[in-house]
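Here the structure is laid out as structure tokens; the discussion comes afterwards.
Just so it is clear, none of the values below were taken in a lab; they were calculated from the coordinates. Every value quoted in this text rests on a predicted model; they were computed, and no experiment measured them. Glycine also receives a Cβ, built like all others from the backbone with ideal geometry; neighbour counts cover every protein chain displayed.
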Amino acid sequence: CTAVAGFSQSTITAKDPITPGNPVITEKYTADPAAIVHDDTVFLYVGHDQAPKEKNFYEMHEWLIYSSTDMVNWEERAAVNVKETFDWAAGDAWAAEVIEKDGKFFWYVTVSHKEIHGKAIGIAVSDSPVGPWKDALGHALITNDMTTDTKISWDDIDPSVFIDDDGSAHLFWGNTICYYAKLKDNMLELDSDIQHIDLPNFTEAPWVHKKGDFYYLSYAYKFPEKTAYAMSESITGPWKYQGILNEVAGNTNTNHQAIIEYKGKDYFIYHNGSIPTNGGSFRRSVCIDYLYYNPDGTIKKIIMTSE
Ligand code: FUB
């Protein structure tokens, strides 16, 4: 275990009545999961919910990285502080996602910008899935003044990055509007205009993956959030809405998913607010359930379990 942050005020005590199963991480509150498979190991990237119990908003100073080779036992590998990593960030370790390209790991993150009002997307880079991480640009990739379509200051959140079979890289993000842009080969610059993807009741949390011939764009739907998804035969769309994939997860307004295949099984990774001691919308916990496809490529609704 390397570079593990000290316990914070939101750390759960050993006395909490946690049963094995979901949530999969019980020592700390964890949210907004993203995951990759590298060297037969799953690396899980989460935000650390650190809000004290009387606070009804997000307090997230760092991301945490876990790894597992069985999807059950998770080892904390690193804690990455927002302000120590990004000089230009004011804080807020909101949703983030890692992708590997040519032996480098690119971590697209949501933070608050120090100078430009609102949320922004930055990129950290590393030679390893657990770090050390370095600010790749020295500035944000996306800032709130680049997307003036909404009046909100948090529409530039929740990056999801995807590399297609031809090597082209694509970035999806947003709140209220699902934004899309192509990325350059260096993964560090936009290679197209910022476009909108039309998805019914899109709230936030896009996650893009491919299975067989189909591309899937899952996202948080309405509020409190369910998870819905759309499918396409091309990464650039058109995206066809397919319906609800997951219902509102227990005791939290948000629902933020990652979908991966590992050792021949498909997994739906999400968060809920089910830890009995102070769990809720601002003290969330990562859970994992199986995901099953139908023969036509559509996805069966997730059955959330506590075991
Ligand atoms: O964790 C902060 C924000 O809450 C994320 O960026 C959203 O996806 C929602 O889960």
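So between L137 and D193, what do we pick up on full extension, going 0.36 nm a residue minus the alpha carbon distance?
Here the answer is 18.2 nm.
Let me make sure I get this right: for the stretch 80-210, a, b and c are the square roots of the gyration tensor eigenvalues over alpha carbons, sorted descending. Under 1.5 in a/c it's rounded, otherwise prolate if a/b > b/c, else oblate. Which is it?
oblate
Identify, among I123, P159, N255, the residue whose Cα sits farthest towards the positive end of the charge dipole of the chain, taking +1 on the Cβ of Lys and Arg and -1 on the Cβ of Asp and Glu, with the dipole about the Cα centre.
Of the options given, the answer is N255.
For the pair D266 and K184, what calculated FRET efficiency results from E = 1/(1 + (r/R0)^6), where r is the Cβ-Cβ distance and R0 = 25 Å, to the nearest 0.05?
Approximately 0.20, to the nearest 0.05.
What does a probe at Y292 reach in the stretch 256-283, counting residues whose amide N is under 13 Å from the point 7 Å along Cα→Cβ?
In the stretch 256-283, the label zone of Y292 (backbone N under 13 Å from the point 7 Å along Cα→Cβ) covers 266.
Relative contact order of the stretch 191-296: what whole-number percent is it, with Cα pairs under 8 angstrom and at least 6 residues apart?
About 17 percent, as a whole number.
With +1 on each Lys and Arg Cβ and -1 on each Asp and Glu Cβ, and nothing else charged, work out how big the dipole of the stretch 103-178 is about its Cα centre, in Debye to the nearest 20.
Dipole magnitude for the stretch 103-178 comes out near 320 debye.
Dipole magnitude of the stretch 147-259 about its Cα centre, charges +1 at Lys/Arg Cβ and -1 at Asp/Glu Cβ only, in debye to the nearest 20?
For the stretch 147-259, the charge dipole is close to 400 debye.
Counting other C-beta atoms within 10 Å, which of W74, W107 has the fewest, and how do the rest follow?
The most exposed by this proxy come first: W74, W107.
Which of K263/K300; K53/K134; K182/K210; K101/K184 have a Cα-Cα distance over 24 Å?
K53/K134, as the Cα separations exceed 24 Å there.
Report, in cubic angstrom per residue, the convex hull volume of the C-alpha atoms of the chain.
124 Å³
Give a quick list of trypsin sites (Lys or Arg not before Pro) in the stretch 129-225 that DSSP marks as loop, anything other than H, G, I, E or B, with at most 14 other Cβ atoms within 10 Å.
Qualifying residues, ordered by number: K151, K184, K222.
Taking Cα pairs under 8 Å and at least six residues apart, what relative contact order does the chain come out at, in percent?
16 percent
For a quick check: sort E189, E76 by the number of other beta carbons within 10 angstrom, fewest at the front.
Ranked by crowding around the Cβ, least crowded first: E189, E76.
From the helices alone, meaning DSSP H stretches of at least four residues, give me the mean residue ellipticity at 222 nm for the chain, per-run term -39500 (n - 2.57), in deg cm²/dmol to the nearest 500.
Result for the chain, helices only: 0 deg cm²/dmol.
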